[in-house]
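Down below is the structure, laid out as structure tokens.
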Amino acid sequence: MDSPLSFTPDGSSWKATVELESWKGIHYSRNAETRVSDGRVDTVFAPEGWDGRPLSASDVRLVEWFVDNEAAVSKAALEALLDAYPEMQNDIADFLEDNEELHLMPDVGSTDDLRKLIRLGGVFIHQIPGDVPYTGLSFSCSWEREHGLGILMRGTRLVRIGGADVSFLLWMARQDAESATR
């Protein structure tokens, strides 16, 4: 593997810490204190179903594509989240009995507003061959502390938004890849 990325085996996947410029300097709240992101995030190749073989050149290219295009992927993911956010607010309002908890998901008007409510915790690149990767972005968020937030992208196209598991479950990426070939 000839790459500046330093991947190491991590159980049944490969892991590297990557510095993502678009997440550097972002202020987010955690446990009632504000922190600033240094942009470093664990990036996992093949979060599920890896057979233990070393990374191939095409595997590395998928990860490098994400690193080279992470700002565009992050922007598209945040714009998709901004579009989905009002419906998510309605869903949580229906679920919560105590309206005082609605402050966990305040109204937002921009992706910058969203960034204050979420923290990127991990990136998952799925082992599906292609020109652009299936990338899962896993976040902690103010409104869903137990299950978090996950966004699955194919390049800069949204595949799915949901709990954090959306970011690392291989079957979701495979399902999308199969539907694209039909």
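The values are calculated or read from the model by the stated rules, or taken from the named source; none is laboratory data. Predicted, not measured: the structure shown is a model, and the values here were computed from it. All Cβ positions, even for glycine, are placed from backbone atoms using ideal geometry, and neighbour counts span all protein chains on display. When the accessible area is computed, the model is the full protein with side chains, heavy atoms only, and any ligands, DNA or RNA have been set aside. Shrake-Rupley method; radii C 1.70, N 1.55, O 1.52, S 1.80 Å.
Here is a yes/no grid of residues against (1) modelled with pLDDT of 90 or more; (2) buried (at least 16 other Cβ atoms within 10 Å of the Cβ):
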{"residue": "S6", "(1), (2)": "no, no"}
{"residue": "S13", "(1), (2)": "no, yes"}
{"residue": "L20", "(1), (2)": "yes, yes"}
{"residue": "G25", "(1), (2)": "no, no"}
{"residue": "Y28", "(1), (2)": "no, yes"}
{"residue": "T34", "(1), (2)": "no, no"}
{"residue": "T43", "(1), (2)": "yes, yes"}
{"residue": "A46", "(1), (2)": "no, yes"}
{"residue": "P54", "(1), (2)": "no, no"}
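Among the residues in the stretch 71-89, are any over 24 Å from F168 (Cα atoms) and either modelled with pLDDT of 95 or more or assigned to a loop (DSSP other than H, G, I, E, B) (or both)?
No, because not a single residue in the stretch 71-89 is over 24 Å from F168 (Cα atoms) and either modelled with pLDDT of 95 or more or assigned to a loop (DSSP other than H, G, I, E, B) (or both).
Working only within the stretch 161-182, note down all residues that are in a loop (DSSP other than H, G, I, E, B), more than 10 Å from the chain's Cα centre (by Cα) and buried (at least 18 other Cβ atoms within 10 Å of the Cβ).
Once the filter is applied, which keeps residues that are in a loop (DSSP other than H, G, I, E, B), more than 10 Å from the chain's Cα centre (by Cα) and buried (at least 18 other Cβ atoms within 10 Å of the Cβ), the stretch 161-182 yields only L169.
Just checking, which of L152, L158, L137, L120 is open to solvent by 50 Å² or more (accessible area, probe 1.4 Å), in contact (Cβ under 8 Å) with a residue 24 or more places away in the chain and part of a strand (DSSP E or B)?
Result: L158 is the single residue among L152, L158, L137, L120 that is open to solvent by 50 Å² or more (accessible area, probe 1.4 Å), in contact (Cβ under 8 Å) with a residue 24 or more places away in the chain and part of a strand (DSSP E or B).
On the given criteria, is L62 open to solvent by less than 20 Å² (accessible area, probe 1.4 Å) and not aromatic (F, W, Y)?
yes
Tally up the residues in the stretch 47-64 that are at negative phi and not in a helix (DSSP H, G or I), please.
8
Mind listing whichever residues of the stretch 94-132 are modelled with pLDDT under 75 and more than 18 Å from E146 (Cβ to Cβ)?
Within the stretch 94-132, N99, E100 meet the criteria.
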